[in-house]
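Below is one structure, written out as structure tokens, with a few remarks after it.
The values are calculated or read from the model by the stated rules, or taken from the named source; none is laboratory data. For clarity, every value in this text was computed on a predicted model and none was experimentally measured. Because the Cβ atoms are built from the backbone with ideal geometry, glycine has one as well, and the counts that use them run over all protein chains shown. Heads up: the accessible areas ignore ligands, DNA and RNA and are worked out on the full protein's heavy atoms, side chains in. Shrake-Rupley method; radii C 1.70, N 1.55, O 1.52, S 1.80 Å.
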Amino acid sequence: MATVNENYQKLPGSYLFAEIARRTNDFAAAHPDVDLIRMGIGDVTRPLVPAVIEAMHEAVDDLACAERFHGYGPEQGYDFLREAIVAGDFTSRGVDIAVDEIFISDGAKSDCGNIGDIFAIDNRVAVCDPVYPVYVDTNAMAGRAGFYDEAAQGWTDIIYMPTTAANDFCPALPEQTADLIYLCSPNNPTGTVLTHDQLKTWVDYANEHGSVILFDAAYERFIVEDDVPHSIFEVEGAKTCAIEFRSFSKTAGFTGARCGYTVVPKALERDGQSLNAMWNRRQTTKFNGASYVIQRGAAAIYTPEGKEQIEQTIAYYQENARVIKEALEASGYTVYGAVNSPYVWCETPGDIGSWEFFDILLERCGVITTPGAGFGPAGEGYIRFTAFGDAEATKEAMHRIEDLAFDMQ
Ligand code: PLP
């Protein structure tokens with residue numbers, strides 16, 4: 001008889017977005033006249049830029065004729081895209097990354113989840129709290145998380161590193177040795193970043209302890225400040241201790257198109273094994289490559305026109321982030337993130353909890369946000385706004401919240 005992976009039974013229900021949907025639907029059913037503004041989910045709203053669309057159309061035409069047809073491509077991705085990435089994302093920033101250190105994927109979520117395949121089950125995992133849930137859940141599925149402690153809202157074998165205003169959103173080095181360390185900068189959900197010096201501390205720790213940092217840079221394109229690395233490989237020593245995940249989802253609106261990449265340096269070895277060779281083996285065995293059409297579209301963002309066009313889209317979201325941050329601050333809220341990120345992390349007023357404040361904003365303003373508590377216990381007392389919405393709707397939401405602040409005084 002087949003038996004199942006019992007780790008799945010230990011997973012708590014994926015409560016956050018289901019609960020947001022339930023509360024939103026209940027409210028909408030009772031108040032059909034309220035024009036709801038969605039600032040909760042982290043999906044983009046601007047269309048793909050013309051350079052990308054044009055490249056994808058051409059690629060479809062390639063597939064339509066025998067001479068230019070493409071069947072299975074390289075599992076690691078086409079060189080035209082890998083070379084564009086090396087030049088555009090690394091050489092241009094003075095970072096030396098080779099083409100065969102880049103692995104194209106169908107997005108960062110898959111790779112963040114799949115990377116666990118190349119690590120033993122007994123590695124001790126450390127994550128920030130609050131956290132992008134994929135890191136934790138995928139390790140729990142693999143059996144690397146112990147059991148879920150309802151009272152603590154966390155897994156017994158995972159090291160949670162609180163990142164709150166109290167530590168300037170920089171996790172402290174853990175007391176127990178962490179083997180696999182997930183870091184995300186710019187961070188989802190807090191919108192905060194790790195500076196060069198802060199990352200250097202982690203790189204030194206990882207090299208000293210033989211740990212591997214799994215660095216999620218999905219929001220890299222939103223960085224504007226100088227001392228914030230766009231890649232962990234801008235930090236000396238990172239090539240012997242880090243793997244980096246990148247995504248075109250937020251960079252170029254690929255949440256639906258699906259494309260990203262992972263950088264596994266050849267200098268990265270553990271137990272005498274090359275992690276680059278192991279990831280290559282994993283990908284060539286379990287993954288047949290991202291679509292040719294989509295990879296052509298992704299390569300177009302590295303052309304001069306494509307680059308300029310995606311910068312305009314990013315600027316649109318950055319302006320939304322500025323509007324949200326300034327309106328919330330003007331209403332007396334304490335706000336983090338927003339500067340190098342599309343996420344605005346707002347302290348809930350007084351001793352109002354995350355879910356309670358979520359309800360207030362839903363019921364009094366018709367604005368849907370994400371309660372910080374849904375990302376981990378240390379997210380309690382915060383609420384997340386996203387800047388990925390329509391500019392006019394964002395301004396309207398902020399007017400409503402400013403009026404609410406006036407009412408609450
Ligand atoms: N990493 C973080 C921190 C994210 O917030 C997201 C998506 O929201 C992803 C990865 C997944 O990105 P992708 O669309 O490339 O799978």
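For the stretch 80-88, take each phi angle, set θ = phi - 60°, evaluate the Karplus expression 6.51 cos²θ - 1.76 cosθ + 1.60, and give the result in whole Hz per residue in order, putting x for glycine and proline.
4, 7, 4, 5, 5, 5, 4, 5, x
Run through the DSSP bridge list for the chain and note the antiparallel percent, rounded to the nearest 5.
Counting only bridges with both partners in the chain, antiparallel ones make up about 55 percent.
Given the options 143, 379, 350, state which has the largest fluctuation in a GNM of the chain using a 10 Å cut-off (strictly under) for Cα springs.
350
For the chain, what does -39500 (n - 2.57) per DSSP helix run (n ≥ 4), summed and divided by total residues, give at 222 nm, in deg cm²/dmol to the nearest 500?
It lands at -11000 deg cm²/dmol.
What residue among 126, 28, 299 shows peak mean-square fluctuation when the chain is described by a Gaussian network model with Cα springs under 10 Å?
Checking each option, the largest mean-square fluctuation is seen for 28.
I want to verify a result. In a Gaussian network model of the chain, Cα cutoff 10 Å, which of these has the top mean-square fluctuation: 101, 175, 83?
It is 175.
Whose amide H sits under 5 Å from the amide H of residue 146, counting only residues 5 or more places off or on another chain, with H placed in the peptide plane?
Here the answer is 157, since their amide H atoms fall under 5 Å of that of residue 146.
Net charge within 10 Å of residue 196 by Cβ-Cβ distance, Lys/Arg positive one each and Asp/Glu negative one each, not counting residue 196 itself?
Result for the neighbourhood of residue 196: -4.
Return the percentage of antiparallel bridges among DSSP beta bridges fully within the stretch 192-304, rounded to the nearest 5 %.
60
Among 75, 329, what's the order by accessible area (1.4 angstrom probe), most exposed first?
Most to least solvent-accessible, the answer reads 329, 75.
Quick one: which residues, 5 or more positions from residue 212 or on another chain, have an amide H under 5 Å from its amide H? H modelled 1.01 Å from N in the peptide plane, none for Pro or chain starts.
Excluding prolines and chain starts, which carry no amide H, the hits are 180, 181.
Distance between the C-alpha centers of the stretch 253-287 and the stretch 59-76? Whole Å please.
So the two Cα centres are separated by 23 Å.
Provide the per-residue ³J(HN,Hα) series for the stretch 144-155, in order, calculated from phi with Karplus coefficients 6.51, -1.76, 1.60 and θ = phi - 60°, each as a whole number of Hz, with x at glycine and proline positions.
For the stretch 144-155, the Karplus curve yields 9, 10, x, 10, 7, 9, 4, 4, 8, 6, x, 8 Hz.
So if each residue of separation counts as 0.36 nm, and I subtract the Cα-Cα distance between residue 311 and residue 79, what length gain in nm does that give?
Gain on extension, residue 311 to residue 79, equals 81.1 nm.
Among rounded, prolate and oblate, which fits the stretch 154-224 when a ≥ b ≥ c are the square roots of the eigenvalues of its C-alpha gyration tensor, a/c under 1.5 means rounded, and a/b larger than b/c means prolate?
It is prolate, given that a/c is not under 1.5 and a/b is the larger ratio.
Using a 1.4 Å probe on the protein chains only, how many percent of the accessible area of the stretch 52-302 belongs to carbon and sulfur?
Taking all protein chains in place, the stretch 52-302 shows 48 percent carbon and sulfur surface.
Using only the heavy atoms of the protein chains and a 1.4 Å probe, how would 67, 308, 347 rank by accessible area, largest first?
67, 308, 347
Can you bin the stretch 23-67 into rounded, prolate or oblate? Criterion: square roots of the alpha carbon gyration tensor eigenvalues sorted a ≥ b ≥ c, rounded for a/c under 1.5, prolate for a/b above b/c, oblate for the rest.
prolate
For each pair in 286/307; 200/239; 109/395; 250/325; 325/395, compute the distance between the two Cα atoms and list the pairs where it is over 21 Å.
Beyond 21 Å between Cα atoms: 286/307; 109/395.
Less than 13 Å Cβ to Cβ from residue 329, Lys/Arg counted +1 and Asp/Glu -1: what total charge do the surrounding residues give?
That sum, taken over residues with Cβ under 13 Å, equals -1.
Heavy-atom accessible area per residue, the stretch 175-321, 1.4 Å probe: how many Å²?
Counting only protein heavy atoms, the per-residue value for the stretch 175-321 is 36 Å².
Work through the residues other than residue 10 whose Cβ is under 15 Å from its Cβ and net out their charges, Lys, Arg +1 and Asp, Glu -1.
Charge balance near residue 10 sits at -4.
Taking each pair of distinct Cα atoms in the stretch 50-160 once, what is the resulting Kirkwood hydrodynamic radius in Å?
Taking the inverse mean of 1/r over all distinct Cα pairs, the stretch 50-160 comes out at 17.5 Å.
Just the accessible area for residue 124, please: 1.4 Å probe, Å², rounded to the nearest 10?
70
Using a simple charge model, +1 on the beta-carbon of Lys and Arg, -1 on the beta-carbon of Asp and Glu, nothing else, what dipole does the chain show about its Cα centre, in debye to the nearest 20?
Roughly 800 debye, rounded to the nearest 20.
Using the Cα atoms of the chain, I'd like the radius of gyration and the largest Cα-Cα distance, Dmax, both in angstrom.
Rg and Dmax of the chain, Cα atoms, are 21.5, 70 Å.
I'd like the accessible area for residue 346: 1.4 Å probe, protein heavy atoms, all chains in place, Å² to the nearest 10.
0
Which whole-number percent gives the relative contact order of the chain, counting Cα pairs below 8 Å spaced six or more residues apart?
23
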